[in-house]
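Notes follow the structure.
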Amino acid sequence: MDFKSSSDLQIFLLLLLASIAFPFIWARDLHDIKKSQLLFPQHLLGSSKGHNIEGIHTIKMHLQRYGYLSKNYNIIDTNGAYNNAFDDHLESAIKKYQMFFKLPKSGVLDMETLHQMSQARCSVPDIFENNENETSVTTSNLHIGSKYTFFPGRVKWPDSLNYRLTYALVNNFPEEFKESVRTAFEIWYGRSRFNFTEVSENEGGNIRISFERGVHGDYHPFTKNSKTLAHTFAPIDGRFHFNADKPFSVDVTYNAYHLRTVALHELGHAFGLAHSPSEDAIMFPTIPTNLEKDLDMDDIEGLWELYDGFGVA
Ligand SMILES: [Zn+2]
Ligand SMILES: [Zn+2]
């Protein structure tokens, strides 16, 4: 290389230096961004069995809430203090969680696991305990891979309804989101033999959809620091609640959750589908902003199985 002047050489050296330094700076920034997005204390990163670490109860609460840690496990000990021991129960709950989300099954709270736990999600559990009929997610079907699941007891709408369901948008349902919900019903209609009719708020409705905030009378509050977007009760309850404190949008955008996509997911619950470990399925429990999803064959096959293969040919 021939440098005509010392300033050329200086520029070359500067560029060389920048090209070496920049990837490190970039990598460090990415790491910081990820860390700042965690819902949990950052010092939990890397913790594993045998540790006793302040704040680990937040992980236990998350895992218990979504069915990975037994409801009989005491997160608060007899003295009223948090049990912050990283014990066998927690390790196996984390491994179960990692299996569901197809992460390396290390049992360690690594970045990928904490990041997944920090994603916005539906607040219906992924795993149901004490399920006599083994219809929910079991360890065995997690081994097989990805498949739809049902609520305990395979609860569903009775045959007497003849696949006719009514729905109502209630409690001052926001005008701007009504069409998105109606479209979600149309999409499910197109892949099933269900017929849906919208009725007015005071006519009842098998499925009643509203935006709710905080504690809202169903013992499943949308808590302040959670990233729960919505939840729906299994048949034949029909209550379907969006979290009014979260940003939703009709269009796909970076700073909000696509309302029709969330509606498609919650309607799956309203019909009797539970969560699927398949990332492509609408019944996958977490969702980033800026993502629009449609029904997947996993969802449709789940519905067909629940309703005795009544799907369209
Ligand atoms: Zn859900
Ligand atoms: Zn609710």
Legend entry - Number of positions in segment 232-268 that are in a loop (DSSP other than H, G, I, E, B) and more than 14 Å from ligand 2 (Cβ to nearest atom): 10
Legend entry - Residues located in segment 114-127, provided they are out of contact with any His (no Cβ under 8 Å at 6 or more places or on another chain), surrounded by 22 or more Cβ atoms within 10 Å (Cβ to Cβ) and in a helix (DSSP H, G or I): LEU114
Inset, instruction - Test each condition in (1) farther than 30 Å from LEU306 by Cβ; (2) in contact with a helix residue (DSSP H, G or I) (Cβ under 7 Å, 6 or more places away or on another chain); (3) modelled with pLDDT under 95 for ARG28 and report the one that comes out false. - result: (2)
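Residues are listed down the side, and each one gets a yes or a no for (1) of a type in the set (Ser, Thr, Tyr); (2) free of Cβ contacts under 8 Å to residues at least 40 places away in the same chain; (3) touching a strand residue (DSSP E or B) at 6+ places or on another chain (Cβ under 7 Å):
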{"site": "GLU279", "(1), (2), (3)": "no, no, no"}
{"site": "LEU291", "(1), (2), (3)": "no, yes, yes"}
{"site": "LEU303", "(1), (2), (3)": "no, no, yes"}
{"site": "GLY309", "(1), (2), (3)": "no, yes, no"}
Legend entry - Selection count where residues are in contact with a Leu (Cβ under 8 Å, 6 or more places away or on another chain) and either free of Cβ contacts under 8 Å to residues at least 40 places away in the same chain or more than 27 Å from HIS275 (Cβ to Cβ) (or both), scope segment 59-85: 3
Legend entry - Candidate set from segment 216-249 (those that are within 12 Å of ligand 1 (Cβ to nearest atom) and hydroxyl-bearing (Ser, Thr, Tyr)); member that is surrounded by the most Cβ atoms within 10 Å (Cβ to Cβ): THR232
Legend entry - Those residues of segment 199-231 which are in a loop (DSSP other than H, G, I, E, B) and within 13 Å of ligand 2 (Cβ to nearest atom), in sequence order: ARG213, GLY214, VAL215, HIS216, GLY217, ASP218, TYR219, HIS220, PRO221, PHE222, THR223, SER226
Inset, instruction - Taking the residues in segment 178-198 that are buried (at least 19 other Cβ atoms within 10 Å of the Cβ) and polar (S, T, N, Q) as candidates, determine which candidate is farthest from ligand 2 (Cβ to nearest atom). - result: SER192
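The values are calculated or read from the model by the stated rules, or taken from the named source; none is laboratory data. Please read all numbers here as calculations on a predicted model, not as lab measurements. Here the Cβ is made from the backbone with ideal geometry for all residues, glycine too, and neighbour counts use every protein chain on show.
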